[in-house]
Amino acid sequence: MLKLLRRAKDAFHLQRRHQQRDAGSNTDQRRTRTEASRVEKIIAICDLGKMHARSMRDSCLDPELLRSERKKYEMYMREAIASARRVTDPVLRDRSVGHIIDLCMDGGEEGQARALLSVVQSEFVRREIAEKHPPLMLFVAIDQRRRSG
């Protein structure tokens, strides 16, 4: 009878350990899903901002409408940057910053794009951004020399 109780106790503790381990993996999965949804939100915000950035380049816009488009573009830019700060995974954050850099380049803010490019840690993502935006290529080359030397 005592052996039976010990087996039951051991089985109970084993089951409990498995549940705790599974709970830990569920937390990781939840965190990954949260990170991915933040990145999707950043992409959507940047796409909306790009629409306003393209409208700002329209030379026949009424000055009042141009101001409104600029204000909306800047609002989306701030929101995307704030969301990117909350992304903790380095690769996802670099990808998010890449979308924000696309938004900057569409809005004609090359200086802001360069500043954001310096935040990107992944060399692969840096090269990818530089290929998309040739004016940033020189900045990437200079920054690579500085990091290696």
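The values are calculated or read from the model by the stated rules, or taken from the named source; none is laboratory data. Predicted model only: the values in this text are computed from it and were never measured. Every residue, glycine as well, gets a Cβ built from its backbone with ideal geometry; the counts of neighbours run over all protein chains shown.
Is it the case that region 17-36 has a residue that's part of a helix (DSSP H, G or I) and modelled with pLDDT of 90 or more? Within region 17-36, not a single residue is part of a helix (DSSP H, G or I) and modelled with pLDDT of 90 or more. Regarding ARG7, is this residue of a type in the set (Lys, Arg), at pLDDT 90 or above and assigned to a helix (DSSP H, G or I)? No: the conditions fail for ARG7. Kindly indicate the residue of region 96-124 that is buried (at least 20 other Cβ atoms within 10 Å of the Cβ) and either at pLDDT below 90 or aliphatic (A, V, I, L, M) (or both) and also farthest from the chain's Cα centre (by Cα) among those meeting that condition. The residue in question is ALA113.
ARG86 falls short on exactly one of the conditions (1) touching a residue at least 40 places away in the same chain (Cβ under 8 Å); (2) among the charged types (D, E, K, R); (3) touching a Phe, Trp or Tyr at 6+ places or on another chain (Cβ under 8 Å), and that condition is (3). Cβ-Cβ distances below 6 Å connect the following pairs, each with a first residue in region 47-74 that is among the acidic types (Asp, Glu), a second residue that is crowded, with 17+ Cβ neighbours inside 10 Å, and a separation of six or more residues or different chains: GLU69/HIS52; GLU69/MET56.
Residues in region 37-59 that are hydroxyl-bearing (Ser, Thr, Tyr) and modelled with pLDDT of 85 or more: 2 in all. Might you let me know whether region 48-61 holds any residue that is hydroxyl-bearing (Ser, Thr, Tyr) and out of contact with any helix residue (DSSP H, G or I) (no Cβ under 9 Å at 6 or more places or on another chain)? Checked region 48-61: at least one residue is hydroxyl-bearing (Ser, Thr, Tyr) and out of contact with any helix residue (DSSP H, G or I) (no Cβ under 9 Å at 6 or more places or on another chain).
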